[in-house]
Amino acid sequence: MSIAMKKSYTIFISLIVAMGGFLLGFDSAVISGAVNGIRTYFEMTDWQLGFSVGCVIFGAMAGNILAGPLSDKFGRKKLLIITAMLFTISALWSATATTYVTFVIARIIGGVGIGGAILIAPIYIAEIAPPKLRGSLVSLNQLNIVLGISVAYFSNYFLINLEGESWRWMLGVEAIPAIIYFLALFLVPRSPRWIIQKLNQVTIAKNTLVKIGGEEFANTTIGEIQRGIAKKEAKGTFSDFFSKRMKVIIIIAFGLAFFQQITGINAIFYYAPTIFEQAGGSTDASFLQAIVVGLTNVIFTFIAIYLIDKLGRKPLLIIGTSAMAISLSMATLAFNNATYIFDNTTIEKIGNTKIKTALSDLEGTTFTSQKQLFTTIETKLNNAQFLEFKQNEVKNFIAINSTLVLVAILLYVAAFAISLGPVMWTMLSEIFPGNVKGIAISIVGFFNSLVSYTVTQFFPWELTNLGPTVTFAIYAGMAILSVFFVYKYVIETKGKTLEEVQELLIKE
């Protein structure tokens, strides 16, 4: 087999495994188009909406906790096949749900698939990839995530105007790629490292490694794996993970997992059309802008894949987190400078007749901040009407530099796509020793999902009660902190074998 064929084979199996990332991204973003539909059908409050969107992350937490140990025991490939089945079940069930409870259960099942796929796919790819290609190949998982997000936005846009409950079609169409993923996984070999470490079947592992990198690569890799096995304890435990020798790894892993989510990326992906509607856009325009967000994510993930093994992990993180801080500050400034204009045109847009009548005397009034607006409105409406105004009507009155909001969101997504998005998962697949990798990835993944859930759950409440200015200011502050964290704590792993990375990080 020629060098080109070996490289093609490695990319082929990595792409199949990374399809789990596509489903993860699709599942994460498709709900953005269904938000208004499910809110109306299930008659949800802000908290119920936040939970129905964010509950998928509860499932992901369970997937995080179970995936690592189970993949250590039964193998990476088997766990990925199970995640494909879970994605299929979730898509079909959520699309046909008739009660709030069954809808939430279906979403949680999909979350378990997400929790497994997001952890196991990068581990598998890192275990089969040659060091010179590892960063790029592991980043294929992130590329597939952003492709899934982008395709979901396109799908939502084309399905939004279907007669009847279009949100059911939005959620159900995910079953198609999920079934394709399930079937394609049977073409993928088991992880050679796992086969040697757990089954001691060196011959089978060598056959796969030869296809990937040739005879010399196979012999070298097998030797490194066997030397690593000889040096470490039989199996890592929870206490091994939190031991003093792992201190540097723990700081890097938990820090990256925290800042990847606390800077608000899932709030942007889950609620993109909602954000653009808050900036005064129509429903159709908001869905189109969400598509642009998805395409930006894809383009800059390609750039990250090109640069991650050339420029390195840490430089990408510093550049990306700095740009995220700038872009989130731009969005904060745009919403802070917005005004709210009451004239005949804007008042006529109010759907609720009672609210329209109660606010008609404000015609000719301009408010310079959302806080000033809400203080006045609250005195004219009852609690239910005031909540409805904040959720559905305030967007009709806003006068804002919507171009600045769009540019800020696009810059933020681009910056995330070249930094915390792909680099975090690449580094998590590199820095943990083999004997604790399963449990370590599960613990850190669980923490990452917990932070993600917190952001997703609170976002609708924040928009309604704090307003977009304060919401984006919080994310901007977190992005600034992430720059300092990366500069102080993150090390470079570019071009090093997994064993060399562990020797660099573990303090005996």
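Out of the residues in the range 61-78 that are under 17 Å from the mean Cα position of the chain (by Cα) and more than 17 Å from Phe182 (Cβ to Cβ), which is modelled with the lowest pLDDT?
Residue satisfying both the conditions and the ranking: Asn64.
Return yes or no: is Lys488 closer than 30 Å to Ile222 by Cα and of a type in the set (Lys, Arg)? Lay out the reasoning, then the answer.
Values: closer than 30 Å to Ile222 by Cα: no; of a type in the set (Lys, Arg): yes.
So Lys488 fails the test.
Of the residues that make up the range 381-395, is at least one more than 30 Å from Leu481 (Cα to Cα), at pLDDT 85 or above and crowded, with 20+ Cβ neighbours inside 10 Å?
No.
Could you identify the single residue in Arg76, Arg39 that is among the basic types (Lys, Arg) and more than 30 Å from Ala126 (Cα to Cα)? Talk me through it step by step, then tell me what you get.
Details: Arg76 fails: more than 30 Å from Ala126 (Cα to Cα).
One residue alone meets the criteria, Arg39.
Per-residue answers, yes or no, for (1) crowded, with 18+ Cβ neighbours inside 10 Å; (2) among the aliphatic types (A, V, I, L, M):
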| position | (1), (2) |
| --- | --- |
| Ile118 | yes, yes |
| Ile123 | yes, yes |
| Gly135 | yes, no |
| Ile145 | yes, yes |
| Gly148 | yes, no |
| Phe158 | no, no |
| Leu183 | no, yes |
| Asn207 | no, no |
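Determine if the range 404-423 includes at least one residue that is in contact (Cβ under 8 Å) with a residue 24 or more places away in the chain, at negative phi, of a type outside the set (Phe, Trp, Tyr) and surrounded by fewer than 17 Cβ atoms within 10 Å (Cβ to Cβ).
Scanning the range 404-423, I find at least one residue that is in contact (Cβ under 8 Å) with a residue 24 or more places away in the chain, at negative phi, of a type outside the set (Phe, Trp, Tyr) and surrounded by fewer than 17 Cβ atoms within 10 Å (Cβ to Cβ), so the answer is yes.
Of the residues Phe51, Phe58, only one is aromatic (Phe, Trp, Tyr) and over 14 Å from Phe459 (Cβ atoms); which?
Answer to the selection: Phe58.
How about the range 401-508: which helices (runs of 4 or more DSSP H) wholly inside it have at least 2 residues that are of a type in the set (Val, Ile, Thr)?
Those helices (runs of 4 or more DSSP H) span 402-417, 420-431, 437-465, 467-489.
Just give me the residues in the range 426-458 being at pLDDT below 75 and closer than 17 Å to Val53 by Cα, in sequence order.
none
Restricting attention to the range 361-377, and to residues there that are exposed (fewer than 14 other Cβ atoms within 10 Å of the Cβ) and in a helix (DSSP H, G or I), which single residue is farthest from the chain's Cα centre (by Cα)?
In this case the residue turns out to be Asp361.
Can you tell me which of Ile176, Ile149, Ile196, Ile160 is under 26 Å from the mean Cα position of the chain (by Cα), under 27 Å from Val444 (Cβ atoms) and not polar (S, T, N, Q)?
Ile149
Inspect the range 139-147 for any residue being among the hydroxyl-bearing types (Ser, Thr, Tyr) and at pLDDT 80 or above and give the result as yes or no.
no
Please specify each residue of the range 334-360 satisfying the condition of being surrounded by fewer than 18 Cβ atoms within 10 Å (Cβ to Cβ) and closer than 30 Å to Gln260 by Cβ.
Asn336, Asn337 - these are the residues of the range 334-360 that are surrounded by fewer than 18 Cβ atoms within 10 Å (Cβ to Cβ) and closer than 30 Å to Gln260 by Cβ.
Working only within the range 79-108, note down all residues that are more than 17 Å from Val173 (Cβ to Cβ) and touching a helix residue (DSSP H, G or I) at 6+ places or on another chain (Cβ under 8 Å).
Within the range 79-108, Leu79, Leu80, Ile81, Ile82, Thr83, Met85, Tyr100, Thr102, Val104, Ile105, Ile108 meet the criteria.
May I ask you to list the residues in the range 110-167 that are over 30 Å from Gln502 (Cα atoms), of a type in the set (A, V, I, L, M), touching a residue at least 12 places away in the same chain (Cβ under 8 Å) and not in a helix (DSSP H, G or I)?
Across the range 110-167, the qualifying residue is only Ile160.
The values are calculated or read from the model by the stated rules, or taken from the named source; none is laboratory data. Remember, predicted model here, so these are calculated numbers, not experimental data. Don't worry about glycine lacking a Cβ; one is built from the backbone with ideal geometry, like all the others, and counts go over all protein chains shown.
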